[in-house]
Structure formats: C-alpha cells, structure tokens
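Read through the structure below, which is laid out as structure tokens, and then see the notes.
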Amino acid sequence: MTRPFRVIDTGVRPCRDQMAFDQALIECHKAGEIPDTVRFLTFPPSVLVGRHQAISQELNLPACREAGVGIGRRITGGGALYLDEGQFGWELIFSKQSLGLTNLGDVAREICEAAAAGLSKLGVAVKYRPRNDLEVEGRKISGTGGFFDGDTIFYQGTTLVDMDGARMASLLNIPVAKLAKRGQTSGAQRVVTFTELFDGTPPPVAEIKQALLDGFAERLGIAPQWGEITEREEEVAREIFDEEIGQDEFTYSIDNPSQPADVRSGSFTGRGGTIAAHVRLEGPAQNRIREIVVTGDFFVTPPSTILNLEAALRGVMVDEIEAEVARFFEEAQVGLLTAAPADFAQAIRNAIEGAEVVEPVG
C-alpha cells in the first residue's frame with residue numbers, strides 16, 4: 001500500500017526562518033500534529049554551516065558580512081553551503097514505519113537513489129555517490145543529509161539549478177585537500193548546475209520539483225499530494241526561532257574551539273567525512289581529558305550524540321580513549337552515516353599527538 005505524503009512549499013524565507021521551520025516540522029510530526037511530509041524551500045543569499053562545524057573555520061565571516069548574506073547553522077550534519085534563489089531545498093519528514101527504514105545509511109541510500117532516478121527523468125544521468133551526494137559525471141548537483149529524532153526521520157537535500165560559483169568560493173573556506181582528493185582546484189569545479197547541463201536553458205523549477213516527486217513516488221512507494229502549511233507549524237517555527245535557531249548564540253555556538261594555547265587539535269578524514277577534535281588535558285602527566293570538543297562535516301543521529309560523547313570522555317585517561325569511545329557508541333544506540341566509532345577515536349588520538357590524517361582513497 002502506498003503511503004500518502006503531504007507536499008508543501010514554504011517559498012523564499014531568510015535562512016534562520018527556514019531552519020526553524022525544519023525543527024518545527026520535526027516537533028509537529030513527533031507530536032502527531034502533521035502527516036508525513038515533503039517540503040520544498042528556497043533561500044535568499046545565505047551561508048550555512050553543518051550542525052557540528054566550527055563556523056569561523058568553515059566560513060569567510062568578514063566576506064559574508066560585507067556581502068550581507070544570511071548566516072545560519074543547520075540542524076543536520078555535513079559541510080558548509082552557499083545557497084541563493086538559484087537553488088532549492090527538498091525535505092522528507094516521516095515515520096520509520098512509513099518506509100520501513102531504521103538505519104541512517106539505508107535512509108540516505110534509498111532517498112538519494114529515488115531523487116537521482118527522478119532527476120534523471122529530465123534527460124541527465126544523475127547518480128547517487130555515497131555517502132550523501134548526487135552527481136552528474138563526477139560533479140555534485142545535490143548534497144543531502146539527515147537524522148532520526150525518535151520515530152521521526154528528517155532527511156533533506158538541495159538541487160542546483162543555477163549558482164554563482166565565484167561568490168560561493170569567496171564566502172566558504174573550502175579545504176584544498178578536499179578538492180585535491182577529487183582532482184579539482186576550486187569549489188566551482190566541484191559542482192554542476194542544471195543551467196550548465198542544459199546550455200543555459202534549464203527546465204522550469206516546477207518541472208524539476210515534479211521530477212523529484214515522481215522519483216520519490218516510484219522508488220519509495222509513496223503518494224505525494226499537495227497540501228497546506230498549518231498555523232500550528234508556523235507558530236512552533238516562530239517559537240523555535242525566538243528561543244534558539246534564529247539567535248546568534250546558536251549560530252556561533254561552535255567557533256574557533258582550538259584558539260586557546262593549551263588546546264591540542266587534530267583530525268581524521270575518512271569515508272565518513274572529516275572529524276576534528278580539540279582536547280585540553282589535565283593531571284601532572286597531562287594524561288587525562290579535561291575538556292573536549294568534536295567538530296566536522298560528519299553525520300550522526302541524533303545530533304545530541306556529540307555533546308553526549310564529549311561529556312562521556314571528560315576525565316578519561318588518554319590510554320583508554322579507544323576503549324571508551326567504542327563503549328560509548330555501543331551503548332548509545334545512535335546512527336552513523338559511514339563514519340565509524342574508530343574514526344572518532346583516531347581523531348581524538350591525532351589531536352593529542354597534534355596530527356592530521358587523511359585515509360587513503362581506494
């Protein structure tokens with residue numbers, strides 16, 4: 001039996017308003033106040049960091065402020081993004097039992113393959129590239145990410161219809177190593193748009209959105225039906241904006257964690273993304289963790305997992321890190337998208353040793 005999914009479009013709204021609406025959808029869905037939903041959304045010129053990223057390391061903040069773009073922090077993991085009216089976002093909010101998906105990796109694969117199949121109906125060969133990208137001939141046309149919150153799954157993506165690559169590159173601090181791994185020298189080379197693929201005349205946005213809905217319907221076995229945004233959703237979104245997501249305290253909550261002189265920093269880059277750790281040690285032999293901050297473009301569900309991991313590692317002896325990280329993830333019942341518990345332990349070990357390690361490709 002196909003499951004009905006309401007379809008809504010919140011149009012163009014400031015970036016923090018859009019992300020407050022994300023959380024409102026989750027809260028309303030968990031409370032049984034809204035059905036399973038597909039949402040489309042569009043941003044004015046904005047830069048967004050992932051939930052666990054250090055904002056000053058990912059964004060050229062002086063350039064962002066001079067350009068007057070919106071600055072926000074997503075509720076999902078992953079890397080920094082530049083968005084404007086040339087792209088649109090899409091999201092699915094649904095119950096685990098709706099699609100029978102209980103693993104974050106399975107969710108990513110099934111939704112991304114459905115989106116790729118839908119977009120391919122427009123005449124371009126879109127492919128899913130694990131862990132969370134859609135590509136055309138090796139160039140990214142959509143990035144995705146999501147998490148579980150209880151029984152509710154939230155999964156989102158972007159679709160690049162058009163983009164100012166030079167502006168994106170001027171606002172984001174794109175690591176050279178990340179580009180070199182793909183044989184590219186700039187962020188603009190990494191992405192491709194429908195405008196480029198269709199020689200300057202892309203399909204209408206409404207047609208692209210419908211192609212996505214068709215892909216979701218056919219591959220996920222759902223029945224998308226256009227519906228209305230509820231007053232309750234708007235009310236909850238306003239409350240969340242005022243209390244957290246719309247505020248600078250949330251947006252800048254992770255910023256330059258390695259700045260103090262006694263903090264040791266290191267990272268590990270593997271299939272699950274880059275994990276950076278910033279550690280302050282204590283004790284006569286400096287062999288016990290006093291404080292730790294973990295950042296990066298990885299995906300983990302629920303988002304509070306990283307805060308809980310940081311708390312669990314305070315007071316742990318340096319020679320017990322690997323065992324304690326493994327124990328934490330074994331007991332925490334969390335979802336990881338490609339990244340493994342050992343990757344987090346390696347990043348912490350590298351921080352203590354002042355190292356940056358990139359896992360060989362292949």
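The values are calculated or read from the model by the stated rules, or taken from the named source; none is laboratory data. Since the model is a prediction, treat every value here as computed from it, not as a measurement. For neighbour counting, all protein chains shown are included, and Cβ atoms are generated from backbone atoms with ideal geometry for every residue, glycine included. Surface areas here come from the heavy atoms of the whole protein model, side chains and all, with no ligands, DNA or RNA. Shrake-Rupley method; radii C 1.70, N 1.55, O 1.52, S 1.80 Å.
Could you tally the net charge around THR251, taking each other residue with its Cβ under 15 Å from the Cβ of THR251, Lys/Arg +1 and Asp/Glu -1? Working shown, then result.
Working: positive: ARG16, ARG51, ARG65, ARG73, ARG74; negative: ASP17, ASP22, GLU58, ASP242, GLU243, GLU244, ASP248, GLU249, ASP255.
My count for the surroundings of THR251 gives -4.
Between the amide H of VAL191 and those of LYS140, distances stay under 5 Å, these residues lying 5 or more places away or on another chain, with hydrogens modeled in the peptide plane.
Within region 214-273, the proportion of C-alpha pairs whose separation exceeds 20 Å stands at 67%. Of the beta bridges in the chain, as assigned by DSSP with both residues counted there, near 75 percent are antiparallel. Helical content of the chain, expressed as a calculated mean residue ellipticity at 222 nm, amounts to -10000 deg cm²/dmol (DSSP H runs of 4 or more residues, -39,500 (n - 2.57) each, divided by residue number, nearest 500).
Mind checking region 98-178 for GluC sites (Glu not before Pro) that DSSP puts in a loop (not H, G, I, E or B) and that have at most 11 other Cβ atoms within 10 Å? Each step should come with its number before you reach the end.
Details: sites: GLU110, GLU113, GLU135, GLU137; in loops: GLU137.
Sites meeting the loop and neighbour criteria: GLU137.
Extents of the chain, taken as max minus min of Cα coordinates on every principal axis and listed largest first, are 64, 45, 41 Å.
Rolling a 1.4 Å probe over the protein heavy atoms gives region 250-300 an accessible area of 42 Å² per residue. Taken about its Cα centre, the chain carries a charge dipole of roughly 920 debye when the Cβ of each Lys and Arg holds +1 and the Cβ of each Asp and Glu holds -1. Counting only protein heavy atoms and a 1.4 Å probe, tell me what percentage of region 1-86's accessible area is made up of carbon and sulfur. Looking at region 1-86 in its full context, I get 49 percent from C and S. Exposed loop sites were defined as trypsin sites (Lys or Arg not before Pro) in DSSP loop states (anything but H, G, I, E or B) carrying at most 14 other C-beta atoms within 10 Å; in the chain the longest segment without such a site runs 1-180.
Using DSSP to call loops (not H, G, I, E or B), can you name the GluC sites (Glu not before Pro) in region 18-93 whose Cβ has at most 15 other Cβ atoms within 10 angstrom?
Working: sites: GLU27, GLU33, GLU58, GLU66, GLU85, GLU91; in loops: GLU33, GLU85.
In loop regions of region 18-93 (DSSP not H, G, I, E or B), the sparsely surrounded GluC sites (Glu not before Pro) are GLU33, GLU85.
Using a cutoff of 8 angstrom between alpha carbon atoms and counting only pairs six or more residues apart, the relative contact order for the chain works out to 20 percent. The C-alpha radius of gyration of region 304-350, expressed as a fraction of 2.2 N^0.38 Å, stands at 1.05. Taking 7 Å steps out from each Cα toward its Cβ at ASP164 and ARG288 produces label points 5.4 nm apart. For region 226-234, backbone phi angles converted through the Karplus equation (6.51, -1.76, 1.60; θ = phi - 60°) give residue-by-residue couplings of 4, x, 10, 6, 8, 4, 5, 4, 5 Hz, Gly and Pro being listed as x. Note on VAL318 and LYS96: with the Förster distance fixed at 45 Å, the Cβ-Cβ geometry gives a FRET efficiency of about 0.70. Loop-located GluC sites (Glu not before Pro) across region 195-268 with a Cβ neighbour count of 12 or fewer within 10 Å are GLU228, with loop assigned by DSSP.
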